[in-house]
Amino acid sequence: CFPENETVLKTFRWWQARFNYRQDYPGKVFLALRRHEEDVLALTPGEREEVWQAARSMREAVGSILHPDWWNYMFLGNLDRHVHLHMIPRYATPRTIEGWEFRDHHWGGLHAGQEEPPAEVYAWLLAHLKDAVGKVDMGVFR
């Protein structure tokens, strides 16, 4: 499924929060199920409960640094046949991150690929999100 690497933000009992390598929407993350499963409807009751709690925690962490105006949540599996939840923050107004201006050109519609930040902004996002995740009250996940 998804390889272990520096993009891991938090490991829960059944899920793992990861920083999406494509930051065309700053703060884009996903939650990957830690066991292999291809069908989201086959999740156990514990996995279903934890994914919502983990998603709320990640939403809080991203929100604390980027303040998105809306979120898109998607279980897809078209390319990666493994249950994972995409969490895509959406922005009604431009955001300036370390001198780089981001505009959500698809605000109000479906998300679509757009410009990604330069390497130094990507690094800033990753470092600040790791820090924010450490500050979020993960409740039962500690």
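Structure data summary
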item: Residues that are aliphatic (A, V, I, L, M) and either open to solvent by 50 Å² or more (accessible area, probe 1.4 Å) or assigned to a loop (DSSP other than H, G, I, E, B) (or both), drawn from region 91-122; result: A92, L110, A112, A119
item: E50 crowded, with 18+ Cβ neighbours inside 10 Å and acidic (D, E); result: yes
item: Residue under evaluation V29, criteria (1) β-branched (V, I, T); (2) closer than 23 Å to A127 by Cα; (3) touching an Asp or Glu at 6+ places or on another chain (Cβ under 7 Å), criterion not met; result: (3)
item: Selected residue (only one of W71, W52 is within 19 Å of Q114 (Cα to Cα) and among the aromatic types (F, W, Y)); result: W71
item: Tally, over region 108-120, of residues that are without any contact (Cβ under 8 Å) to a residue 60 or more places away in the chain and under 15 Å from K28 (Cβ atoms); result: 2
item: Filter pass, N78 being at pLDDT 95 or above, open to solvent by 10 Å² or more (accessible area, probe 1.4 Å) and outside any helix (DSSP H, G or I); result: no
item: Candidate set: region 26-35, residues that are open to solvent by less than 30 Å² (accessible area, probe 1.4 Å) and free of Cβ contacts under 8 Å to residues at least 60 places away in the same chain; chosen: the one farthest from A112 (Cα to Cα); result: L33
item: Within region 132-142, tally of residues that are assigned to a helix (DSSP H, G or I) and in contact (Cβ under 8 Å) with a residue 40 or more places away in the chain; result: 6
item: Meets criteria (under 27 Å from P118 (Cβ atoms), open to solvent by less than 20 Å² (accessible area, probe 1.4 Å) and either of a type outside the set (D, E) or part of a loop (DSSP other than H, G, I, E, B) (or both)) for R18; result: yes
item: Single residue of E60, E38 found to be surrounded by fewer than 16 Cβ atoms within 10 Å (Cβ to Cβ) and assigned to a helix (DSSP H, G or I); result: E60
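The values are calculated or read from the model by the stated rules, or taken from the named source; none is laboratory data. Every value quoted in this text rests on a predicted model; they were computed, and no experiment measured them. Here the Cβ is made from the backbone with ideal geometry for all residues, glycine too, and neighbour counts use every protein chain on show. These accessible areas exclude ligands, DNA and RNA; they are computed on the full protein's heavy atoms, side chains included. Shrake-Rupley method; radii C 1.70, N 1.55, O 1.52, S 1.80 Å.
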